[in-house]
Amino acid sequence: MISIKHQLNRIKRLFLYTEAMIIRSIYPINKKRIFMSSFGSRKYACNPRAITEYLLTNHSDEYEIYWAFEKGFVPKNMDKRIRVVLKYSLDYFIAMYTSKFVIRNSRNNRMDSMFKKKKGQKYIMTWHSSIRLKKIESDAAEQLGKRYVKRAKEDSLMCDLMLSNSKMFTNQLRNSFWYKGDILENCIPRNCIYYDEKRKKESYVNIRKSMGFSQNDKIILYAPTFRNNRNLKYYKINWNKIIPTFEKVLNSKVKVLVRLHPNMSNIEDISSITNFNNVYNITQEPDITNFMFAADIMVSDYTSAMFDFVILGKPCFIYAIDKDEYDRGFYWNLNELPFPLANNIDDLVKNITEFNIDNYNKETIRFRDNIWGLKEDGKACEIFYNWMKNN
């Protein structure tokens, strides 16, 4: 039996969708207008943010940039040149349906975003990573459910462009995303700053300063992915054992920053994961990038962020206690990756203690050049801007 609350929500969404379609039909497109959102309008982050900041720095007089946020998720100190609209407001619908370019970093759920592309608009779905370890989209269709698959197929049909940084990721987009449209290779905008040495050095210093750490402290970024059942038991690490191990190997004080996947960000209490000395929760921070620059080492399980650490040339350790039962499956055997693999705490301690940076660097370079086939040079934002000018 459908609850009264559920029925009221359906009526509300139907009203909003009707309003959106009316606005869609009567407002003309402004060719200089761009509409952005990231992670369901809850973060100012990822590829849309990188594109925004590139345009504001280099072409601020050419475009009007709108960003959509849910109420309560508008970041502080947004650049005043960015026009912020609240999701489902009248301004939100007008901005979305008068923009030439609509850019998102995750799937567009039409009944959530109220967006249905109209003639003259270009819809770019940038996705929020590049190469993947865990299976996604059509390769994980049984775990995603029929409703998601239906909406994902609709989204891919509506999409005008997707972005890649390698032939391998292009193949994943073709084979897994139900997508037959254009793909711009050598173009993951959020990765441009990985080639900005000044920005990386500033972040290394500034994050330590803002967190109250010593500049000599080493930072371990713990960034696991999500599980469909949202059980926190998979993320528990005995940091009282791991931190001293790192401190002995690194000959330095160590701080741990815990960053759960955005799909886990609405879990209010994660104290069972972070209730240790020198362990800090940064899950609610809008963007992980500066923390990646500040970190010296990553510990993860199956997140694609481990491949960002390949680009950054930093060590990453895999702690995977449920690899044989993980609900998505993998594109590779974990033992084929360049990252030391641990199935339990004792293995993780051993991998840290026996870590050899020279061997690790050789393996990551081999993986990057021969298996991944990375095609980046730090100019993705410029490449994307040129695409917009030509479209």
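The values are calculated or read from the model by the stated rules, or taken from the named source; none is laboratory data. The model shown is predicted, which means the values in this text are computed figures rather than measured ones. Here the Cβ positions follow ideal geometry from the backbone for every residue, glycine too, while neighbour counts run over all protein chains shown.
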Exercise. Since VAL256 meets every condition but one in (1) assigned to a strand (DSSP E or B); (2) surrounded by fewer than 19 Cβ atoms within 10 Å (Cβ to Cβ), which condition does it not meet?
Worked result: (2)
Exercise. Does segment 21-32 contain at least one residue that is under 30 Å from PHE291 (Cβ atoms), in the same structural domain as ILE124 (by TED's automatic domain parsing) and in contact (Cβ under 8 Å) with a residue 40 or more places away in the chain?
Worked result: no
Problem set entry | Odd one out for ASN175, checked against (1) outside the structural domain of LYS43 (by TED's automatic domain parsing); (2) surrounded by fewer than 19 Cβ atoms within 10 Å (Cβ to Cβ) | (1)
Exercise. Which residue, of ALA68, ALA50, is part of a strand (DSSP E or B), outside the structural domain of PRO262 (by TED's automatic domain parsing) and of a type in the set (Gly, Ala, Ser)?
Worked result: ALA68
For this session: Mind listing whichever residues of segment 198-213 are touching a Lys or Arg at 6+ places or on another chain (Cβ under 8 Å) and part of a helix (DSSP H, G or I)?
Result: MET211
Problem set entry | Any chance ILE365 is in contact (Cβ under 8 Å) with a residue 60 or more places away in the chain and in the same structural domain as VAL299 (by TED's automatic domain parsing) | no
For this session: Evaluate segment 208-227: report whether one residue or more is within 30 Å of ARG107 (Cβ to Cβ) and more than 19 Å from the chain's Cα centre (by Cα).
Result: no
Problem set entry | Selection count where residues are exposed (fewer than 15 other Cβ atoms within 10 Å of the Cβ) and either outside the structural domain of PHE226 (by TED's automatic domain parsing) or modelled with pLDDT of 90 or more (or both), scope segment 323-354 | 5
Exercise. Does segment 267-321 hold any residues that are without any contact (Cβ under 8 Å) to a residue 60 or more places away in the chain and of a type in the set (Phe, Trp, Tyr), and which are they?
Worked result: PHE276, PHE309, PHE317
Problem set entry | Residue in segment 56-71 that is out of contact with any strand residue (DSSP E or B) (no Cβ under 8 Å at 6 or more places or on another chain) and free of Cβ contacts under 8 Å to residues at least 12 places away in the same chain present | yes
Seminar exercise, completed: So, first residue on the phi > 0 side of the Ramachandran plot in segment 371-386, second residue surrounded by fewer than 15 Cβ atoms within 10 Å (Cβ to Cβ) and among the charged types (D, E, K, R), Cβ within less than 6 Å, six or more apart or across chains; the pairs are GLY373/LYS167
Problem set entry | Candidate set from segment 284-305 (those that are modelled with pLDDT of 90 or more and assigned to a loop (DSSP other than H, G, I, E, B)); member that is surrounded by the most Cβ atoms within 10 Å (Cβ to Cβ) | ALA295
Problem set entry | Selected residue [part of a helix (DSSP H, G or I), touching a helix residue (DSSP H, G or I) at 6+ places or on another chain (Cβ under 9 Å) and of a type in the set (D, E, K, R)] from ASP322, ASP308, ASP358, ASP347 | ASP308
For this session: Could you tell me which numbered condition TYR194 fails, if it satisfies all but one of (1) under 22 Å from SER113 (Cβ atoms); (2) touching a helix residue (DSSP H, G or I) at 6+ places or on another chain (Cβ under 7 Å); (3) at pLDDT below 95?
Result: (1)
Seminar exercise, completed: The residue from SER138, SER129 that alone is small (Gly, Ala, Ser) and part of a loop (DSSP other than H, G, I, E, B) is SER129
Seminar exercise, completed: Checked PHE276, PHE246 against criteria (assigned to a loop (DSSP other than H, G, I, E, B) and not assigned by TED's automatic domain parsing to the domain that holds ARG42); the one match is PHE276
Exercise. Restricting attention to segment 93-107, does a residue exist that is under 17 Å from the mean Cα position of the chain (by Cα) and over 18 Å from PRO189 (Cβ atoms)?
Worked result: yes
Exercise. Within segment 50-87, which residues are surrounded by fewer than 20 Cβ atoms within 10 Å (Cβ to Cβ) and farther than 21 Å from PRO189 by Cβ?
Worked result: GLU70, LYS71, GLY72, PHE73, VAL74, LYS76, ASN77, LYS80, LEU86
